[in-house]
């Protein structure tokens, strides 16, 4: 038996002191990873989409071409009896673009793939799929920033003259919609024009009494009720105003010097996207950013470059081009935003 005054050594777990069990201490890792914050990618949905077949050009000097026949002038002058009218000439205009290849590659070692606590290969494939969607959407937005049908809030002469108080409001939206009507721009099958707004612009416009929040079916003015509004919310729309359904994303036309934003209000066939057979973009989910195919060659594949199979590779690859087809079908509305 131990005497009452016997002192036993205390073995501690990872603490500083005598008989510490430092080799037993380790960091605890949860196996569920923190979810990444992803932008909403809405503009893939409304553009024309076409996959260019093999052996039909599209790269370099082999252009992709869209053609449009101009409308004929109205025949309002009476014909002279027995005299055929003078024949009119057809007018055909073209829009051209060239495909380019895009992609990103990751090298993953056998140690990282097999000994890491996390499933590095799986997460790398998810990262690449997200990166593909975001990259192609940014290319699309860059093209849409070239729209020539522009409107600058508060009657400013240039975008660089904007100040923070030149916000998006009812007057500016109605003016832009008026321009589309005057251009004879058609609406989408849902009966509305579509719009893309930055969250800072939604913050300003949603203060108007006529704004209809599609997620709550609330708002003033001519309210829309029923399942259709709920369906709009499921499609990614956040609001409706003056016959325009709006989506919201941080991935919008944005500018510095001064800070400003480009609201896009548009009808169908405003722009198009093309890829190439065997190098397609597939359907990118606007919320998860996933959808692109990712190629994965695991470690262990031996060749002259990697004789021991010490690394694998993962990557995405796509041919892509986005092009504005008809500037008369859209208004790029430049505004400031409330700080």
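Every read-out reported here was derived from the displayed coordinates using simple, explicitly stated rules and does not represent laboratory data. This is a predicted model, so every value here is computed, not measured. Heads up, the Cβs are rebuilt from the backbone with ideal geometry, glycines too, and the neighbour counts pull from every protein chain shown.
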For the chain, the fraction of alpha-carbon pairs in successive 10 Å shells from zero, as %: 5, 18, 23, 19, 14, 9, 5, 3, 2, 1, 0, 0, 0, 0
Highest-first arrangement of 85-96, 244-255, where packing means the average Cβ count within 10 Å: 244-255, 85-96
Label-to-label distance, nm, for residues given as residue 81 and residue 160 (7 Å Cα→Cβ offset): 6.7 nm
Quotient of C-alpha Rg and 2.2 N^0.38 Å, computed over the stretch 284-339: 2.12
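Can you order the peptides 205-211, 262-268 by their average number of other Cβ atoms within 10 Å per residue, highest first? Working shown, then result.
Numbers: 205-211: 16.4, 262-268: 24.3.
Going from most to least packed, we get 262-268, 205-211.
Order these peptides, 190-199, 40-49, by their mean beta-carbon neighbour count within 10 angstrom, highest first.
Result, highest mean first: 190-199, 40-49.
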Three principal axis lengths of the stretch 240-305 [C-alpha, angstrom, descending]: 62, 31, 21
Between 0 and 90°, nearest 10: helix 170-182 axis offset from the chain longest Cα axis: 50 degrees
Value of relative contact order over the chain, rounded to a whole percent, pairs C-alpha under 8 Å and six or more apart: 28 percent
Share antiparallel - DSSP beta bridges, the chain, percent rounded to 5: 75 percent
